[in-house]
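Report on the following structure.
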Amino acid sequence: MYFASFADLIAMNGHGIYVWSAYAIGYAVLAALIIQPLARHAALSRQIRQQQDED
Amino acid sequence: MFRQWFHRWGSPPWFYRMSGTLLPWLSVVAAGLIATGTVWGLAFAPEDARQGNSFRIIYLHVPASFLALAGYYLMALAGCIGLVWRMKLAFWAVRAAAPIGAALTFIALVTGSIWGKPTWGTWWEWDARITSMLILFFLYLGVMALASAYQNSDSGNRAASILAIVGMVNIPIIYKSVDWWNTLHQGASLKLTSAPTIHGSMLYPLLIMIAGFYLLYAVLLLLNLRCEILSNERHSRWLQDFLGDKR
């Protein structure tokens, strides 16, 4: 590791707040991008199957 | 040969099955690359001599920006194919690509803004690169809005594709903005035409992240396209048979 300790990695010499918040926001958006189509796909397949059962 | 390939990929049943097989593999490799690149970039790469540790935001900012732009090419190309050959799947690709592009542009803008604070002392500046990226964000939102603005989805498809194509004028402006207007944003660290301006120990995790983001983009596009296929083909025989077999 480049940092001497885990605490140094978190603090990043005062830049920790910027770096970690950038990654937190970025990865939260990416997680939403993955979850949204998965949930939509599941809901659509459920609807189509229900429709089939009614026919 | 090309014709056959084109027809296959343009066929929703074939595309749906193929993408279902590809997705697990793509996802695993994308996740592995992104995890490696993130840990390497955050914990193992050396800090920048001038910017200190804030430069580590590059490992998220640059890949997101690359894919925000590459995604726009793809969306405009899909719009072209849809308009010229009236291919349904191409129009659905426009609809699938727009929200992904908007989200990636958003990540690029937010991480850039956070990076700007410790580096330039400001969250926001009407610098040419930042402003043209903001326009890219609005173009993506405009394509999303047009795609869903019409009762008739054919009109929505056409309108969204036309806006996607017209918006291409913004792309060279984004690329050239750091050269034409030498304001705040730094020049490119990576160029196809010359050696990179950053050292290998900083460069490798960046290249790994970019590769990971390309694959992640493919995963997201396939996921969204599969939703478009389900929602548009819900009454077709092949899909009902396919879903029937799967339970």
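When the Cα convex hull of chain A is projected onto planes of every orientation, the mean area is 5.4 nm².
Let me check something: with ligands and nucleic acids excluded, how do A:GLU54, B:GLU125 order by accessible area (1.4 Å probe), largest to smallest?
On the way: A:GLU54 140, B:GLU125 85 Å².
Most to least solvent-accessible, the answer reads A:GLU54, B:GLU125.
Helix A:16-54 and the longest principal axis of the Cα set of chain A meet at an angle near 10°. When you filter the trypsin sites (Lys or Arg not before Pro) in segment B:29-88 for DSSP loop state and at most 13 other Cβ atoms inside 10 Å of their Cβ, you are left with B:ARG50, B:ARG86.
Averaged over the residues of peptide B:52-63, the number of Cβ atoms from other protein chains lying within 10 Å of each residue's Cβ is 5.
In order along segment B:72-77, the phi-based Karplus estimate (6.51 cos²θ - 1.76 cosθ + 1.60, θ = phi - 60°) of 3J(HN,Hα) comes to 6, 3, 4, 5, 5, 5 Hz; Gly and Pro are listed as x.
Sequentially through segment B:3-16, phi angles give Karplus couplings (6.51, -1.76, 1.60; θ = phi - 60°) of 4, 5, 4, 4, 5, 4, 5, x, 8, x, x, 5, 4, 4 Hz, Gly and Pro residues having no value and appearing as x.
At the residue level, B:TRP120 shows approximately 80 square angstrom of accessible surface with a 1.4 angstrom probe and all protein chains present.
Taking the C-alpha atoms only, the angle from helix B:153-166 to the longest principal axis of chain B is near 30 degrees. Largest accessible area first, the listed residues B:ILE107, B:ILE162 line up as B:ILE162, B:ILE107 when surface is computed with a 1.4 Å probe on the assembled protein chains.
Shape index of the protein assembly as shown: Rg/Rh, with Rg the Cα radius of gyration and Rh the Kirkwood radius from the inverse mean 1/r over Cα pairs, equals 1.01. Placing B:LEU74, B:LEU223 in order of accessible area, with the largest value first and a 1.4 Å probe, yields B:LEU74, B:LEU223.
Ranked from largest, the principal axis spans of the Cα set of chain B equal 62, 35, 33 Å. Taking amide H positions as modeled 1.01 Å from N, with prolines and chain starts lacking one, the residues under 5 Å from B:LEU184 and 5 or more places away or on another chain are B:ALA128.
Sequence gap at least 6, Cα distance under 8 Å: using those rules, report the relative contact order of chain B to the nearest whole percent. Intermediate values should be presented prior to the final figure.
Numbers: 279 pairs, mean separation 76.0, N = 247.
With pairs under 8 Å counted, the relative contact order is 31 percent.
Only DSSP H runs of four or more residues enter the estimate; each adds -39500 (n - 2.57), and after division by the residues of the protein assembly as shown the mean residue ellipticity at 222 nm equals -26500 deg cm²/dmol.
The values are calculated or read from the model by the stated rules, or taken from the named source; none is laboratory data. Remember, it's a predicted structure, so these values are computed and weren't measured experimentally. Glycine also receives a Cβ, built like all others from the backbone with ideal geometry; neighbour counts cover every protein chain displayed. Surface areas here come from the heavy atoms of the whole protein model, side chains and all, with no ligands, DNA or RNA. Shrake-Rupley method; radii C 1.70, N 1.55, O 1.52, S 1.80 Å.
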